[in-house]
1. Which pairs turn up if I take residues in segment B:149-163 that are within 7 Å of chain A (Cβ to nearest Cβ) and look for partners that are of a type in the set (Gly, Ala, Ser) and open to solvent by less than 30 Å² (accessible area, probe 1.4 Å) with beta carbon separation below 8 Å, at least 6 apart in sequence or on another chain?
2. Could you look through segment B:51-73, keep only residues that are within 14 Å of another protein chain (Cβ to nearest Cβ) and more than 23 Å from B:Phe110 (Cα to Cα), and pick out the one that is most open to solvent (accessible area, probe 1.4 Å)?
3. Out of all the residues in segment A:135-147, is one or more of a type in the set (Lys, Arg), in the same structural domain as A:Ala529 (by TED's automatic domain parsing) and open to solvent by 20 Å² or more (accessible area, probe 1.4 Å)?
4. Out of curiosity, is A:Lys285 open to solvent by 20 Å² or more (accessible area, probe 1.4 Å), outside the structural domain of A:Lys400 (by TED's automatic domain parsing), at pLDDT 95 or above and part of a loop (DSSP other than H, G, I, E, B)?
5. I need a count of the residues in segment B:181-205 that are facing another protein chain (nearest Cβ under 9 Å) and open to solvent by 10 Å² or more (accessible area, probe 1.4 Å).
6. Just to be sure, is A:Phe208 touching a residue at least 40 places away in the same chain (Cβ under 8 Å), within 8 Å of chain B (Cβ to nearest Cβ) and more than 17 Å from A:Gly481 (Cβ to Cβ)?
7. Restricting to segment B:418-476, and then to whatever is part of a loop (DSSP other than H, G, I, E, B) and aromatic (Phe, Trp, Tyr), can you tell me which residue is surrounded by the fewest Cβ atoms within 10 Å (Cβ to Cβ)?
8. Search segment A:1-26 for residues being of a type in the set (Ser, Thr, Tyr) and surrounded by 17 or more Cβ atoms within 10 Å (Cβ to Cβ), and hand back the single one that is farthest from A:Val101 (Cα to Cα).
Number of protein chains: 2
Amino acid sequence: MFRSHTCGELRLANLGENVTLAGWVQRTRKMGGMTFVDLRDRYGLTQLVFNNEVNAELCERANHLGREYVLQVRGTVAERSAKNNKVATGDIEIIVNEMTVLNVSATPPFTIEDETDGGDDIRMQYRYLDLRRNSVRANLELRHKMAFEVRRYLDAEGFIEVETPVLIKSTPEGARDFVVPSRMNQGQFYALPQSPQTFKQLLMVSGFDRYFQIVKCFRDEDLRADRQPEFTQIDCEMSFVEQEDVIQMFEGMSRHLFRTIKGIELDAFPRMTWHDAMKYYGSDKPDTRFEMRFVELMDVLKGHGFSVFDAAEYIGGICAKGAASYTRKQLDALTDFVKRPQIGAKGMVYARVEADGTVKSSVDKFYTQEVLQQLRAAMNAEPGDLILILSGDNANKTRKQLCELRLEMGSQLGLRDKNNYSCLWVVDFPLFEWSEEDQRFYAMHHPFTSPKPEDIPLLDTDPGAVRANAYDMVINGVEVGGGSIRIYDSELQHKMFQLLGFTPEKAEEQFGFLMNAFKFGAPPHGGLAYGLDRFVSLFAGLDSIRDCIAFPKNNAGRDVMIDAPSAIDDAQLKELCLNITL
Amino acid sequence: MFRSHTCGELRLANLGENVTLAGWVQRTRKMGGMTFVDLRDRYGLTQLVFNNEVNAELCERANHLGREYVLQVRGTVAERSAKNNKVATGDIEIIVNEMTVLNVSATPPFTIEDETDGGDDIRMQYRYLDLRRNSVRANLELRHKMAFEVRRYLDAEGFIEVETPVLIKSTPEGARDFVVPSRMNQGQFYALPQSPQTFKQLLMVSGFDRYFQIVKCFRDEDLRADRQPEFTQIDCEMSFVEQEDVIQMFEGMSRHLFRTIKGIELDAFPRMTWHDAMKYYGSDKPDTRFEMRFVELMDVLKGHGFSVFDAAEYIGGICAKGAASYTRKQLDALTDFVKRPQIGAKGMVYARVEADGTVKSSVDKFYTQEVLQQLRAAMNAEPGDLILILSGDNANKTRKQLCELRLEMGSQLGLRDKNNYSCLWVVDFPLFEWSEEDQRFYAMHHPFTSPKPEDIPLLDTDPGAVRANAYDMVINGVEVGGGSIRIYDSELQHKMFQLLGFTPEKAEEQFGFLMNAFKFGAPPHGGLAYGLDRFVSLFAGLDSIRDCIAFPKNNAGRDVMIDAPSAIDDAQLKELCLNITL
């Protein structure tokens, strides 16, 4: 061992001890005849002292140390005259009497500090240096802890972690697969799993009863911000359960994580139907850290001669508490915000509730104070509040716009504190989603999701109205997990495939092995999957999942540090019987 | 929840309770007016009773249950008149008063019993049914437990589990990579990792200090028995350590596993140099459950007119205790064994030590009793022992043959009990391996392995004699793990590449990012990796790793259950700019 202690370990209790430390030079300071070096490792920072009068040669060597040099030093623990209460070792320093430079370092291209001067690109290229920063490493320590606590909880609940294969079979349905050419089966390909969905269902057929896996999944999508071609799921499945059992189990897991990692004791999570989430928040993953629910205003505002509202299919408002003082400039900025192409509203109407209770709106000329008071009552607005209203010819589209406005107002009013956690189950999702474009139904979750038993008759008469036994866990407006009770009855599964437009042949080709397995006694089962990357970034208070991934890829799917993907040898292509046709 | 208890839970203490169970029909027996059904789940087996006199309709339904039907039953816990002490629930049975068939089952293609009538092929095709067998599921439960205990131990020792990427860069050196065509970077490929070696070294450069990961790795090799294209490693690395630190840490981990999983308290693991392992066992992974060490017999047996020995470059023997009673037939079978092409010996000489101490050998006509007594003394053989001797013109080749013979004798004499564990560190591996074919050195482990400091001068004069700071953990003749101290000095690394025949350009192209990282202050570091599949199969007493993998592939790299790999759509090939050229 190159050290007797870590750089985060020594305290006043160690005074006088002879110790050996190893680590990286964070910085050096020369003050009079003394040279101070901050030595860093994963565990902390310890101040080293070199005294020119005691050992001139050693002190001179210390003066020539560069940033990020790797040192091994021997010395004595001494009390500092000027203590530093910002670091755990701030009461002590090491009087060094021996120093070995284990390795030199070129000057890093950016500073290794919590706040660095390195831009995203250079940080990614030198990710191994970026990972030296405490703030980045802390995210990965958190990730380790969360994964470990997940395992501890699930193990205690009788779950078995089973590794499912990575080299599987391509299925054209859903997102695009990454494929892997097979050399031993020429002209054929494996696919990398988008999720272990079918395998976990097979494990239920096998009687594994309670399965989980923390597992890499892969999707060859055009990458938006916060998407990675490879990502990690906490994948879970249980047998002989109903929706309530799954919800209880995994609410328990989340509470366990909040308790052990964050020291937060959470109440039972509220539940909201998908229908209410869309109606009141315009989103299936509402941020419930703050209220500001939508109020539909068709009855109040329609038919008063304001053509925009009179023609609208939907008029909805939110009440921003205490925001009546918003200036014209701020309100214009909000209007610009909702008119951005990503959001797409045509305009925004506002109304202020004055101190005396009167309402002043941007459409005053169309509405009497009486109607505006009806508006105020509908919005439950008080003096000092600001009412913001959007309208449009498509209710769902307008709700989504209003959702963006609501989130923006929540941010502006400081209602979205990252240290405040609001957890929620969204339940009763529709089973199907209608595609106007393709004029057909798609499965909202996946084709194995079970309809609610009481809605099964609707499959024949009104499929769009069928609700699923599906549920999402939403925290602070982020969908961290979701799942469903699965179909375990072959007849019902066949019906689902039919409704989804699968021919029997296509269903057989893609899911034949699963359907076959179901012939041999499939138990009732259900489960869910969490996105670990998102879960960790939520706990870490990060805006992007990237900084809780050790070696992430950029938006073009490239790892710029190792320069992958890259060309491969012709010989290798030949072995795989492949030609590139650019 | 479909059940109040599992099928392994109820005892006499539960007598009279009304319970609900769910599970699979293991079998049904009709005896007089009673029908007995064994209901199975992951946790056990419970006997259900249906009485024709009490409820004829229900009993009739029970009579029509098929194997593997999925049931939910309600009933009362009663004491059995004929107890069964072979199952944990054998004292009780359930008097059923309500039964729901949750799912029917087709007749399984093989019996779901510990000893099944299903052959390998059909078991793999219906793996989800094979996994219902207790013996197979127990292996996966063991795997879960071992992985969990590994994590518990390493977490307690301050290791952080970090997920390294799966989509990385192809390196032509070493085994063949699986590659993944990139759609967003056309004509380029990712590779799947053969191990996270370079990433874990980067994490050490990043100051992570103690890293581990239980991780899938991939090798596109022609599959022999006991090789899988995807396999799982326990991958570990530590900074500021020397070989002894790594050995202590991971010996501790193995002892922790034996203690917590097997209830076995192991002594400190002995160490053996690679040189001794080869000399005394003809293998770098000797099975030390039994002695039977090689004795070199050149001095004793050469020069007595037996032309085979007189021409040999190596003559070695083993002493099989108490095997003098081997018949001529048995000895002939052993001779046939060593002459098999996979072993390739030309013949075998034997010598028995009779009760009176005289030695009778198969080459008596060439040797006097005096020489044979010298042989006996050299072999330390006693009356009743059997001496087996091989010779050849290549010492290492002959030792490998003798190794096979030794293992075979160990098996025949019952010295290789699967419940007896003999652990060993093999140390002081050579740094290089000379390839006669290519007339060059190869790295025995990999190019990052550090030579022993005292052997560094030999790099210039006698590279073949340089020993590495490398170590393997061997249990019962199986290499379960191995690793090394790494080079952290750029100069030394360049020298290694040079000795291994890399041009500076080639080294830069393949390992440039690692070499670059090393410029910024690499700490001394080292680690090792375990093969989890092998480790589990050793604990499970399995001959093949296949039965501790949930969904293994066959020797052609195929998953016969899901039928992968398979053809993919032309559209998908087109998107990837690929043509198949069969």
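The values are calculated or read from the model by the stated rules, or taken from the named source; none is laboratory data. Not measured: the values here are computed from a predicted model. Cβ: placed from backbone, ideal geometry, glycine included. Neighbour counts: every protein chain shown. When the accessible area is computed, the model is the full protein with side chains, heavy atoms only, and any ligands, DNA or RNA have been set aside. Shrake-Rupley method; radii C 1.70, N 1.55, O 1.52, S 1.80 Å.
1. B:Glu161/A:Ala147; B:Val162/A:Ala550; B:Glu163/A:Ala550
2. Step one: of segment B:51-73, the residues within 14 Å of another protein chain (Cβ to nearest Cβ) are B:65-73.
Retained after the next criterion (residues that are more than 23 Å from B:Phe110 (Cα to Cα)): B:72-73.
Numbers: B:Gln72: 24, B:Val73: 2 Å².
So the residue we want is B:Gln72.
3. yes
4. Working: open to solvent by 20 Å² or more (accessible area, probe 1.4 Å): yes; outside the structural domain of A:Lys400 (by TED's automatic domain parsing): yes; at pLDDT 95 or above: yes; part of a loop (DSSP other than H, G, I, E, B): yes.
The answer is yes for A:Lys285.
5. Residues that pass the stated criteria total 7.
6. In short, yes.
7. B:Tyr421
8. A:Thr6
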